[in-house]
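Peer 1: Following this message is one structure expressed as structure tokens.
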Amino acid sequence: MAPKPDSGRLAATVLLVDDDDDFRAVLADSLEEDGCGVLDAGSGEAALALLDEAAKGLATPPDLMVLDLLMPRMSGIEVLQRLRKSRRWESLPVLVVTALNDPMLPVRLDLPIAFKPDAQAVLDAIRVQLHLDRGPP
């Protein structure tokens, strides 16, 4: 999760979960340029499947999940509920991304929030989260 020595690039894997393919692609391209590995999920179900693969050693475990709240079939809230019930993923850092303009949302969710559709603001929030010292896993 820390920057690579002397490079300023990020050494992290980010799981992007958003049903907006274009938004996800913009974030993924920028994160890859920063040196991040990116796992890509267009739905809550796909995100949980990727986490199952990571738990089995078949995929790189993410250091951060960037999660859209408003998705069809399985909302971001449902994904969060499943994460928090999982011993393996309950402490996975999550950055919520949403178009909802609710100033109380960060308080209710007790999670950092970045607001769409400003991709640069979301990228800045991701970079802040990846540079936080979270201590040992």
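The values are calculated or read from the model by the stated rules, or taken from the named source; none is laboratory data. The shown structure was predicted, so the numbers you read here are calculated from the model rather than taken from an experiment. In this analysis, Cβ positions are derived from the backbone assuming ideal geometry, glycine residues included, and neighbour counts consider all displayed protein chains.
Peer 1: On the basis of being out of contact with any strand residue (DSSP E or B) (no Cβ under 8 Å at 6 or more places or on another chain) and within 18 Å of D20 (Cβ to Cβ), does E53 make the cut?
Peer 2: So E53 fails the test.
Peer 1: Taking segment 69-94, which residues are assigned to a loop (DSSP other than H, G, I, E, B) and not hydroxyl-bearing (S, T, Y)?
Peer 2: L69, L70, M71, P72, R73, M74, R87, R88, W89, E90, L92, P93
Peer 1: Further question: Name the residue, out of V122, V97, V66, that is in contact (Cβ under 8 Å) with a residue 40 or more places away in the chain, closer than 19 Å to A11 by Cα and in a strand (DSSP E or B).
Peer 2: Within the list V122, V97, V66, the selection yields V66.
Peer 1: Could you please let me know if V107 is aliphatic (A, V, I, L, M), touching a Leu at 6+ places or on another chain (Cβ under 6 Å) and either at pLDDT below 95 or under 15 Å from L130 (Cβ atoms) (or both)?
Peer 2: Considered against the rule, which asks whether it is aliphatic (A, V, I, L, M), touching a Leu at 6+ places or on another chain (Cβ under 6 Å) and either at pLDDT below 95 or under 15 Å from L130 (Cβ atoms) (or both), V107 comes out as no.
Peer 1: A follow-up question, please. In a loop (DSSP other than H, G, I, E, B), free of Cβ contacts under 8 Å to residues at least 40 places away in the same chain, of a type outside the set (K, R) and surrounded by 14 or more Cβ atoms within 10 Å (Cβ to Cβ), is that true of G57?
Peer 2: Answer is no for this residue.
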